[in-house]
Amino acid sequence: MTEPGRLATPRAAPETRRAARAMREEAERRARAGEAAPAASPAAAADAVDGVLAFELPSDDFVPGSLSAGAPSALPLELLPTGAAPQPTDSTPHRIPEARVRGRRRAVRSPRPVVSERRAARAAELLDVDEGAQPVRHARPRRLTKRLMVVAGLATGAALLLGSAAMTAMMLPTQPRAAGADSALTLTAEPARIELLPVPQVEVSPPAADICTLPDVASAVQRGDDEAAIVAAGGGEAFRAAVVEGRAPCVDLGDSARVWTVVDKIRPANPIDYRPSALVLPDGVRNIEGGALRSDAASALASLVTAARDAGVGEIALESGFRSYQTQQATYGRHFAEKGERADQVSARPGYSEHQLGLGADVVACAGECGTLDQLAATPQGQFVAEHAWEHGWIVRYTDGATPVTGYLPEPWHLRYIGPELAKAYHEGGWTSLEEFFALDPAPDYLG
């Protein structure tokens, strides 16, 4: 909208400083040309200009009489050359030849009799429009939203980087700097130190109050499968603990038919002349006296002998196996005749010998010919027996240092079969006698 007191004809804005300077020079040239022309009369000037005074009122508050021919300078002028019809353009508003005064049209024509040199130059400058100039275009509004988003993204990224660096610096331990060290800062990442690891609280489930209430244990005991009963109770150590703690009422250590039975100088076989029902000769084992063993013990001895042979330690032979009550009477009688009362340290009385159970075996080492019982300990076979007999269900029943408990001198050749599970618990527990293993009273002497 045109401001009051300003020309209504817009001028093309120069694109560069060169175009603006050219326009000023052309205006001055035309002004000088006008000065050289002879003065004309007011009528001639009016005819030469033959223009129409065009103006715009600033608003509808125009007051009639405010326009007069005597005050032409109070109105903006637009001079049009004679015979030139104005060509409207996109950048040039339409000329207003008429003025609206309170809703009525009234043509205003006030020819100027005299045009001053200054105004002629100004008019020439205004009329000097570069035809090649492009119309003024409205500047595009800047895309502030997109630019603001870019700036905000960059600021956020910078904040994150600075925060990460600050956090890393805070987490790194502060190292004292040595004297004369370089002033450059050095960040050394070290793993976090854990002073104390949490200790999990492990609750041990209490053992069953009575292993005999376990269906598998009760069933195995009833059908006479001792090894299966021990496994069902949780293994050799669990079985032993249950017996010691009185949580195994179905387990009778005095039952001579059981693999866990204990026979010593105060615990005879039951009955006193007990004889096992099933006795067999160990398969693949040299048998010097033709002794037999319970079937489970016979299989275990064959396994031990085979393992020794495969290990290259030599042959192991069975010197003596099962002895009946009657045979034991003769054996003990012979020792008593030779040693008197000292015979009780090397031979069991009838009914008190493990040989009567079919679970005891005396073994010797053989290298072509077989040695004696006393020679076994000094042989590779004797060492193998001491170290590996438990792996096959056997233990050395009478060991060195256990005489006060068992009542017998050491017999490295006398083996007792108790089954793989109990033998493992016996070996791992470091036991040296069955009495201690089952927490029984020592039996150094006979009661009678």
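The values are calculated or read from the model by the stated rules, or taken from the named source; none is laboratory data. Source: prediction; values computed, not measured. In this analysis, Cβ positions are derived from the backbone assuming ideal geometry, glycine residues included, and neighbour counts consider all displayed protein chains. Protein only, heavy atoms only, side chains kept; ligands, DNA and RNA dropped before computing areas. Shrake-Rupley method; radii C 1.70, N 1.55, O 1.52, S 1.80 Å.
Roughly how many debye, to the nearest 20, is the charge dipole of region 343-392 about its Cα centre, given +1 on each Lys and Arg Cβ, -1 on each Asp and Glu Cβ, and no other charges?
With Lys and Arg at +1 and Asp and Glu at -1, about 100 debye.
Add +1 for every Lys or Arg and -1 for every Asp or Glu among the other residues with Cβ under 12 Å from the Cβ of Gln326, and state the total.
Around Gln326, the charge tally is +1.
Net charge near Gly429, counting Lys/Arg +1 and Asp/Glu -1 over other residues with Cβ under 12 Å of its Cβ?
Net local charge, Gly429 excluded: -1.
Please work out the average accessible area per residue across region 298-448, using the 1.4 Å probe convention, and give it in Å².
43 Å²
How far apart, in nm, are two points set 7 Å out from the Cα along the Cα-to-Cβ line at Asp255 and at Val150?
Calculated label separation equals 9.5 nm.
Is region 393-448 rounded, prolate or oblate when judged by the Cα gyration tensor, a ≥ b ≥ c being the square roots of its eigenvalues, rounded requiring a/c under 1.5 and prolate requiring a/b larger than b/c?
prolate
Which of Pro444, Val396, Ala423 sits farthest toward the positive end of the charge dipole of region 306-448, with +1 on the Cβ of Lys and Arg and -1 on the Cβ of Asp and Glu?
It is Pro444.
Roughly speaking, what is the stretch gain from Asp225 to Phe336, that is 0.36 nm per residue apart minus the C-alpha to C-alpha distance, in nm to one decimal?
36.1 nm
If I stretch the segment between Ala439 and Leu373 completely, what's the gain in nm (0.36 nm per residue apart, minus their alpha carbon distance), one decimal?
20.8 nm
Sum up the charges of everything whose Cβ sits under 11 Å from the Cβ of Ala248, counting Lys and Arg as +1 and Asp and Glu as -1, but leave Ala248 out.
Neighbour charge sum, excluding Ala248 itself: -1.
Output ³J(HN,Hα) for region 421-433: one whole-Hz value per residue in order, computed from phi by the Karplus curve 6.51 cos²θ - 1.76 cosθ + 1.60 with θ = phi - 60°, and x for Gly and Pro.
Coupling constants for region 421-433: 5, 5, 5, 5, 5, 5, 5, 5, x, x, 6, 10, 7 Hz.
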